[in-house]
C-alpha cells in the first residue's frame, strides 16, 4: 500500500492596507488583548499584518503576479464586525464592503492562480471579504469585544503579497500604483 503524500499547508494571496487603516485594526487587536480576550495582537510574527485574503490554496506556485500590475490603489471600507464558526469559540472579523474594484481584483487573483482547489471561504461566489481581529474569541466575550470595535475604517489597499506557511515568509507581489 502506497503512503499518501503529506498535505502542504495552504498558501494565500493577500491584500494589504494603508498605514492608517492598518493602525486602526492594530488598535482593535490591542484593545481586545488588553481586555484579556483572544486577539491577533498576540501573534507577534513580522508577517502578521491586517490583510484581506483573496486566494487560499495548497499550491500557488504558478501564480501570475503580472496580471495584478494594472491595478491602482483603491478605497476600502472595513465595516461591521462579523462572527465566523460554531461552538464555544468564534472568529471575530471586520467585514469589508465589497466594491466593484475589490471584486474585480478578487476575480483577477483567482484567474492568476490558474486551475486549482480553492478554500471555500475564498472561492468566487463564496468569498466573504474581511479582516480578522481574533481567531478564538469565547462566545461569552462577544458582547464585550463588540464594544471595543469602533465604527467604519476608511482606507486604501496598497499592495498584494503571498504568504508561504512552509517557510513562514511573505513576498510582496505588487505595490498597487497610486491613481
With no solvent term and unit scatterers on the alpha-carbon positions of region 1-81, Debye gives log₁₀ I(q)/I(0) at q = 0.13, 0.22 Å⁻¹ of -0.61, -1.19
Taking Cα pairs closer than 8 Å and at least 6 residues apart, the relative contact order of region 11-175 in percent is 37 percent
Given 89-97, 140-148, 108-116, the highest-first ranking by average Cβ count within 10 Å works out to 89-97, 108-116, 140-148
At q = 0.11 Å⁻¹, the log10 of I(q)/I(0) for the chain from a Debye sum over equal Cα scatterers comes to -0.48
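Laboratory data are not the source of any read-out in this text; all were calculated from the coordinates shown. Source: prediction; values computed, not measured. We place every Cβ from the backbone using ideal geometry, glycine too, and count neighbours over all the protein chains shown.
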